[in-house]
Every structure is written in structure tokens, then in C-alpha cells.
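These notes concern the structure reproduced below.
Any read-out appearing in this document is the output of simple, stated calculations on the displayed coordinates, not a laboratory observation. Since the model is a prediction, treat every value here as computed from it, not as a measurement. Heads up, the Cβs are rebuilt from the backbone with ideal geometry, glycines too, and the neighbour counts pull from every protein chain shown.
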Amino acid sequence: MSGFSRKENCQVGLAILDTKDLPQTSPSKLISTYKFATGSPAFLSKVSNKFLFSESVNISQLDISSNIESLIHKDRDILFVGHGSPSDLQVLRALNFPFPERLLGITNTFNIANEVLEFWADSLGDLLILLGSLQWPSLCGAFNLQSFTPFSSSRI
């Protein structure tokens, strides 16, 4: 499937850049971040404090899709941005996520960096360092970096 299994511990991170009130929004509030975790108590304890940009919410895997869906505005056009988007999409499909009707497209910063910058950005961390957007490589955890994905797309 995608390495995703309903039987395993898992985490799902989401960063949302809502451009509706962009000119009036302070830079610190431009991107909203969310992290959902599910699994054994030992796993949840281990991962709950490792996300810098928001609190980790412990939920059941059956609730992940509906929690993500509740964060997406139904009356807005949606552009899905990811780094390695095919894997992200496989996980969403495995969760039976109902893709929004107003989904305009899917952008993969991995491919954009390779085409525009002629840089093989294997990881989002590498891309952010190249763009001068990541000063602290120690932040290079998937859930901390996903907060920068909309930003990296706009910088490219």
C-alpha cells in the first residue's frame, strides 16, 4: 500500500496556508499546523513532545481522516502541496480521505526543486537549507519540516 498500516503506530502532520486574509495576517499566523498521533501509550508518550509548531493530538486511526477534513474550508479552492506527494496521497487514500471537491491540483516541492532549481532535493530539509529558510538543521524531523512545505513552494 504505502508503508501505512492501520495496525501500527502512526503520526500525521498537516500545515495549512490560508490565503484568504493574507495581507491582514501577521507572519506568525500565516501557517496553521496540526499533528495527529495514534498508537500504543509508549509510542504516544515518545512522540507527543517532538513537534515544535503545535501540540500533538492523540486520536484513533479511524478519526484521522475526519479530523483532517474538519480543518479544510469547504468554500475555498484547495491546492495540495507536499514534498514527496505520492506517498502522502497514498496514506490519505488508505485512510479513505474524501478529497475536497475544490481541489485545484497537487504540487510536489520535490519535483519543482529538481526542475526549477536543478537541485536534487531528496529531503525537504535539504531544500530548505538551499533556500536559506532553515537555519537549524536539528529541526529536520518530518513533522517540524512539514510546517515549511507551503513556504518552500512559494520560495521556489
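General observations
- Ranked 62, 30, 92, criterion: other C-beta atoms within 10 Å, fewest first: 62, 30, 92
- Net charge of Cβ neighbours under 15 Å - reference residue 25; Lys, Arg +1; Asp, Glu -1: +1
- Close amide H pairs (under 5 Å, H built 1.01 Å from N) link residue 84 with 109, 110, 111, residues at least 5 positions away or on another chain.
- Backbone HN-Hα couplings from phi across the stretch 100-106 [Karplus 6.51/-1.76/1.60, Hz, Gly and Pro as x]: x, 4, 9, 6, 6, x, 10
- Sorting 97, 110 from the fewest to the most surrounding beta carbons within 10 angstrom yields 97, 110.
- Summed side-chain charge close to residue 75 - residues other than residue 75 whose Cβ falls under 10 Å, Lys, Arg +1, Asp, Glu -1: +3
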